[in-house]
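Bear in mind that the values in this text are calculations on the coordinates, not laboratory data. Quick caveat, the model's predicted, so the values are computed rather than measured. Here the Cβ is made from the backbone with ideal geometry for all residues, glycine too, and neighbour counts use every protein chain on show.
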C-alpha cells in the first residue's frame, strides 16, 4: 500500500509535532510516523518528568530548612513510589496535547511503526505485525531525537544501571546513587535525589562543572552542590563497573592518579546523548551525517538532500525542546512559505534546573573574547535585590556581556527564578538593545527581575564623568 503527502514527518517528539500541527493547519497533507510514544523524550522521559520530580525534591529541602524562616516542621517522610506517581500524573495530564487523537483531529495521518528512507521521496513504515506501508512525500522531515549514550566502559552493560528512561520507575529511594556524568541531567537529578535524602556521588572527567557557562558559574554551583551533600569526583576517569548481591562498585582513577572504589545501590548513566539515526538509511539516500551520527543541515534546516529537512536532537547543536520547536518553525517557513528562513543560534537560551537554576542566553564571556567582541562585563549579585532577600534566595547573580556601543551580547543568571527571568535578556539580545536599556523600564517592586535595572544603573554610573558627579551632587544632594 502506498500513500502520497505534501509532508512526511518521522518522529512525533517536540520538533515533529510542531511541524505536523503547523503544516496541517496551513492546509498541507501530512503524515506523521512514530515508533514508540507520542510526545517523544521530552514528555515521557525528559523535561516533563524531570521537572515534576524536582518539585517535590526541592520542596523536601525547603521543609528541611524551614526553621531558618521561623517555622517548626518535623522530619520529611519520603515515599519515592508516591513521588513517581505524581510524576506520572503530570505526564498523563499533558499527554492529550501530544496524543494521536489530537493530531488526527487536526487532519494529520498518524502511523505507528519503524521508519526508514527508501529514496528521497519515499518512507517505509514497518508496524509491530511486520506489515509494511510505503508513504510518499514531496518533502520529508526527520525528527527522531536522541537517547542516552551508553559508552563501552568495562562492566557497564553487565550491571543493572539507570538512565533518564528508567529512573522514574524507581519505587525505593536509593541509599547511595552514583551518577556517571556531570552534565545538566545528572546534576538536576543528582541534586533532586540528594534533597530527598539519598547519598549522591557525581563522577565526571572534566575538571569543573558547567564548562559551557560563564566562568563564575562552575565554582559557585560546585559550592552549592557540596553544601547540599553531593560528593563531586571531578577530573576522574571511570575504569570499571561491577555488581554483586545488588551492590554496585565503580572503580575510578582520580586526578592524582589514585584508583578508588565506590560502592552504591544505584548507578545513573548520564554521559551524553546519541542520535536516533540508526536504521533510517540516511547515507543510502545521500544524507550527510557527522561521525557521531548527527544529521548535518544548512541554516534552513535542509539536509544534503534538499527536499529532506531535519530538526531537534537528531541535528543539535543544542539539545533542548525549545530548540526543536524553533528549528521546526524555520522548516515550516522555508518549506511551506518558501521564505529564506535561517536559524540564528546567538539568541538561544538554556537553563539547567538545579537549585539555584543556571540560565544563559547569547554569548558567554569566553565566547565574546574569542570572537573579539567583548568590551566589558557587568555583574550584580542577587543578594543586593530586595525580593531575593525576602525570598531567602541570595545565592546567585546576573551578568551582562557587553560589546561595542554598549550592545548587550549575552546574559547569565543564577538564582531560583533564573529560568523565568532569562527571557527578558533573550528579547533584549534579539532586538539588539543596549545594556543600559533596562534603566528606562518600570519593573514592579519587589521582584527579582529588578536586577536588570540594577545592572543598567551601574553601567550608567560608570559613564558619569567626575565633573558630572560633582554637579549632580550639588544640585540634588
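Among 195, 322, which comes first, then next, by fewest other beta-carbon atoms within 10 Å?
Numbers: 195 24, 322 15.
Starting with the residue having the fewest Cβ neighbours, the order is 322, 195.
With the simple model of a label 7 Å out from the Cα in the direction of the Cβ, residue 59 to residue 346 spans 4.3 nm.
Highest mean first, the peptides 53-62, 434-443, 12-21, 397-406 sorted by other C-beta atoms within 10 Å per residue fall in the order 12-21, 397-406, 53-62, 434-443.
How do 311, 264 rank when sorted from fewest to most other Cβ atoms within 10 Å of their own Cβ? Before the final figure, lay out each step's value.
Numbers: 311 31, 264 20.
Ordered from fewest to most neighbouring Cβ atoms within 10 Å, 311, 264 come out as 264, 311.
Each peptide in 385-393, 360-368, 3-11 receives the mean, over its residues, of other Cβ atoms within 10 Å, and ordering these scores from highest gives 3-11, 360-368, 385-393.
Ordering 112, 261, 378 by the number of other Cβ atoms within 10 Å of each residue's own Cβ, fewest first, gives 261, 112, 378. Taking packing as the residue-averaged number of other Cβ atoms within 10 angstrom, the listed peptides 124-136, 207-219 run from highest to lowest as 207-219, 124-136.
Helices in the chain, meaning DSSP H runs of at least 4 residues, each add -39500 (n - 2.57). Divided by all residues, the mean residue ellipticity at 222 nm is -9000 deg cm²/dmol. Counting only DSSP beta bridges whose two residues both lie in the stretch 156-271, roughly 50 percent are antiparallel.
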